[in-house]
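S.K.: Before we start, here is the structure in question, set down as structure tokens.
Values in this text are rule-based calculations from the coordinates and carry no lab data. None of these values were measured; they are calculated from a predicted model. Counting neighbours? That spans all protein chains shown, and the Cβs are built from the backbone with ideal geometry, glycine included.
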Amino acid sequence: MSRRDVLLAGAAALPWGALAAAQEDYPAKPIRIVVGFPAGGALDVATRALVQSLSQGALQTLVVDNKAGAAGTIALAEVARSAPDGYTLGLGTTSNLVIASFLYPRLPYSADADLVPLGEFAQGQSLIYASRASGITNLRQAIDAMRREPGKLSYASPGTGTTAHLSFEMFKARDKLFVVHVPYRGTPQAMNAVAGGEVELGVDAIGPLLPLIQAGRIVPLAQSGEQRSDFLRDVPTLGELGFPDIVGANSLSLVAPAALPDPVRGLIASEVEKAVGRPDFRDRMHRLGLWAGFRSGTAVSAGMKVQQDFWGRAVRYSGAKND
């Protein structure tokens, strides 16, 4: 039997009266949300903003538990192993729900079989940017420089296997461009290296880059996503520049063990949708440079399947691999 079958069988073995009572009383104790990224980072702050908005509804006692490491996969492995009772949830992202299956040969969970998305609450777009010292002011100039002197330019990312790194690799692959990848240990190191002129180009989430853009230390060249960010109305999207097939958005969702009973699953999804609609939550996402919006768990799962081909090709092309 698969792990999901075992969990479902275990739930079915409970006395119906006890199971129904547990669902009716939900939540009867604090709900833990396991976040696989460091406290204080953009993904952690976004999750805590969701928790604050959720606390205004039926899910009033929630606790964020940071279990950082391995691109968020350590956290999701813990969620997948937890009891399917609605008291242990996790932050699912494009990295740990889609990319991880291609990046980690011994991933301890299956996003399809062991986990279920309850609803997306935000999306983050990526930005290709240049150092002021490079003299590059638009994407066409960057492409021309890569073609003119292959291998001379370098680009910084917040780490190997991140959505930023892999989306840029696919951008390179389409036009057979040669530019050296310099992975850093997170966004602060990467963006400061570009701002300081150590690396000519960079790619990262929009939100953390805004102060450097406003200070004139880096130059935005192109952004991912279907439409321009409210913060960068003058910066074209990759689609507008002729690269419509490059996926660069990072989805943020709440996920739970796959065997979570439908009544509890439906309640949480409903509360997430309400939380996302609150103006204070949308304002906080906006200030983080994220797009706030709700998509159902079914839509998130469908989107994951659609993106698997792109991210699989991106990982293979980049050669990225983690043990």
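S.K.: Rank-order 124-137, 301-314 by packing density, defined as the average count of other C-beta atoms within 10 Å over each peptide's residues, highest first.
M.R.: By packing density, highest mean first, the sequence is 124-137, 301-314.
S.K.: Rounded to whole Å, give me the distance from the Cα center of region 82-155 to that of region 246-292.
M.R.: After rounding, the separation between the Cα centres reads 18 Å.
S.K.: Please give the calculated 222 nm ellipticity per residue for the chain, where each DSSP H segment of at least 4 residues contributes -39500 (n - 2.57) and the sum is spread over every residue; nearest 500 deg cm²/dmol?
M.R.: -12500 deg cm²/dmol
S.K.: At a Förster distance of 35 Å, what's the computed FRET efficiency of residue 61 paired with residue 302, Cβ-Cβ distance as r, to 0.05? The partial results should precede the final answer.
M.R.: Details: r = 32 Å, r/R0 = 0.91.
In this case the efficiency is close to 0.65.
S.K.: For the residue pair residue 141 and residue 173, what label-to-label distance in nm results when each label sits 7 Å from Cα along the Cα-to-beta-carbon direction?
M.R.: Between residue 141 and residue 173, the label points sit 2.9 nm apart.
S.K.: Given the convex hull of the Cα atoms of region 207-323, what is a quarter of its surface area in nm²?
M.R.: 10.2 nm²
S.K.: For region 129-285, what class follows from the C-alpha gyration tensor (a ≥ b ≥ c being the square roots of its eigenvalues): rounded when a/c is under 1.5, otherwise prolate if a/b is larger than b/c, else oblate? Please list the in-between numbers first.
M.R.: Numbers: a/c = 2.21, a/b = 1.91, b/c = 1.16.
The shape class here is prolate.
S.K.: For region 20-160, what is the Kirkwood hydrodynamic radius in Å, using each pair of distinct C-alpha atoms?
M.R.: Working: mean 1/r = 0.0559 Å⁻¹.
For region 20-160, inverting the mean 1/r across all distinct Cα pairs yields 17.9 Å.
S.K.: Also, quick follow-up: Express in nm, to one decimal, how much length is gained between residue 133 and residue 25 on full extension, taking 0.36 nm for each residue of separation and deducting their alpha carbon distance.
M.R.: Full extension from residue 133 to residue 25 adds 32.8 nm.
S.K.: Over region 52-141, calculate the relative contact order: mean separation of alpha carbon pairs under 8 Å at least 6 apart, over the residue count, as a percent.
M.R.: 19 percent
S.K.: Work out how much length residue 245 to residue 227 would gain on full extension: take 0.36 nm times their residue separation and subtract the Cα-Cα distance, in nm to one decimal.
M.R.: Between residue 245 and residue 227, full extension yields an extra 5.1 nm.
S.K.: Next up: As I understand it, the dipole of region 28-137 uses +1 on the Cβ of Lys and Arg and -1 on the Cβ of Asp and Glu, about the Cα centre. Which of 89, 118, 52 lies farthest toward its positive end?
M.R.: 52
S.K.: Ok, one more. Can you tell me the dipole magnitude for the chain around its Cα centre, using point charges on the Cβ only (Lys, Arg +1; Asp, Glu -1), in Debye to the nearest 20?
M.R.: 620 debye
S.K.: Could you list, in their original order, any pairs among 152/321; 152/305; 29/67; 67/321 whose Cα atoms are separated by more than 27 Å?
M.R.: The answer is 152/305.
S.K.: Moving on to the next point. Please identify the DSSP H helices in the chain that span no less than 20 Å along the helix axis (Cα) and have a mean Kyte-Doolittle hydropathy of -0.5 or more.
M.R.: Details: long enough: 262-277 (23 Å, 0.15); 297-318 (30 Å, -0.29).
Span-like helices, by this rule, are 262-277, 297-318.
S.K.: Which listed residue (197, 35, 72) has the Cα farthest towards the positive end of the charge dipole for the chain, taking +1 on Lys and Arg C-beta and -1 on Asp and Glu C-beta about the Cα centre?
M.R.: 197
S.K.: How large is the charge dipole for region 112-198, taken about the Cα centre, if only the Cβ atoms of Lys, Arg (+1) and Asp, Glu (-1) carry charge, to the nearest 20 debye?
M.R.: Magnitude of the dipole: close to 520 debye.
S.K.: Would you kindly compute the Cα radius of gyration of region 103-209 and its largest Cα-Cα separation (Dmax), both in Å?
M.R.: Over region 103-209's Cα set, Rg and Dmax evaluate to 15.9, 49 Å.
S.K.: How far apart, in nm, are the 7 Å Cα→Cβ label points at residue 149 and residue 81?
M.R.: Between residue 149 and residue 81, the simple spin-label model gives 5.1 nm.
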